[in-house]
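For reference, the structure is listed below as structure tokens.
The values are calculated or read from the model by the stated rules, or taken from the named source; none is laboratory data. The structure presented is a predicted model; accordingly, all values stated were derived computationally and were not measured. Ideal geometry is used to build each Cβ from the backbone, glycine not excepted, and the neighbour counts take in all protein chains shown. In case anyone asks, the SASA skips ligands and DNA or RNA and just uses the protein heavy atoms, side chains included. Shrake-Rupley method; radii C 1.70, N 1.55, O 1.52, S 1.80 Å.
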Amino acid sequence: SVTGLSPGVTYYYCAIVQSAEGIAFGSVLSLTTADAPAVSTTAATAVTSGGATLNGSANPNLASATGWFRYASTNPGACNDSFGTRAPASSFSDPALGSGSSDVAYSQAITGLLPGTPYYYCALAANAYGTAFGAVQSFTTLAAAPSVSTGSSSNRTGTGATLNGSANPNGGDTTAWFRYSTASPGTCNDSFGTRAPSSGGSALGAGTSSVAFSRAITGLTAGATYYYCAIAQNAVGTAFGALQTFTTPVPPPASTSSAASITNTGSSLNGAGNPNGAT
């Protein structure tokens, strides 16, 4: 037995035998001592708006090794085993890479990602002699169609109102608008009634959080019920909010009632009015 060798180093050796009759030499052979793995991060594949497959490869360097990944939406600068999210979450599920001396590819599918968002990741591998870290690489998830909500109307008058909505662009450059009509379309679509505005719409950017938008409309009929919905669109698709309604107010009718509590110096005057939906 020999000890004190360096890990990951190739050593050459031979056997020698000597007697009174002379000395004999065996052939030279070599051995390489085990070492921590050597690991590489490779390009992500199967990238969608909400997931991807992370890929890497590692040389176990003659000791039983396992591999895993780390990922986050913020750049860690250099690979380490504490940033972001571990994939797989438990070391008990880490891919086994064997104990050979050549590269072994491994991968891990991840889900629950935000659309249109850059992610940073790296491959890691470990054996009894240490942990190795691959380079940090990145990918950007694909944009998704927007998600949109129709809000309550505001600023209602006898002839106008403000329509309100909100939409998440989901990583794609998004435009939003409204449709409205006195006849219910059943469900929101981009062909019923009147478009507001008649072309274009509110630019909501390409973020991944909800953005509010609104549009004032005029030329309405007092006392009429209107159906409306919010619509948002990016390069991936068009989304439709739920239908909502409002009724334009009409002038309030008033009636004068008999005076009461009449005395020689005062009285209580009485009347009634219906606001008809307006302050």
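Quick notes on this one:
- For a modelled paramagnetic label at D173, 7 Å from Cα along Cα-to-Cβ, the residues of region 193-223 in reach, with backbone nitrogen under 20 Å, are 197, 199-213.
- Kirkwood-type radius of region 106-172, with distances r between different C-alpha atoms, in Å: 16.4
- The order of I217, I262 by accessible area, most exposed first and with a 1.4 Å probe, is I262, I217.
- Added length on full extension, which subtracts the Cα-Cα distance from 0.36 nm per residue, S101 to F25: 24.4 nm
- Residues S184 and S261, FRET efficiency given R0 of 51 Å [Cβ-Cβ distance, rounded to 0.05]: 0.55
- Computed FRET value (nearest 0.05) for T140 with A254, which takes r as the C-beta separation and R₀ as 51 Å: 0.20
- Protection proxy ranking of 18-29, 168-179, 247-258, 124-135 - average other beta-carbon atoms within 10 Å, highest first: 168-179, 124-135, 247-258, 18-29
- Using heavy atoms of the protein chains and a probe of 1.4 Å, the accessible area assigned to D35 is about 50 Å².
- Under 15 Å from a label point set 7 Å out along the Cα-to-Cβ vector of A278, no amide N atom of region 176-213 is found.
- The calculated FRET efficiency for the pair N155 and S93, based on their C-beta separation and a Förster distance of 51 Å, comes to about 0.35.
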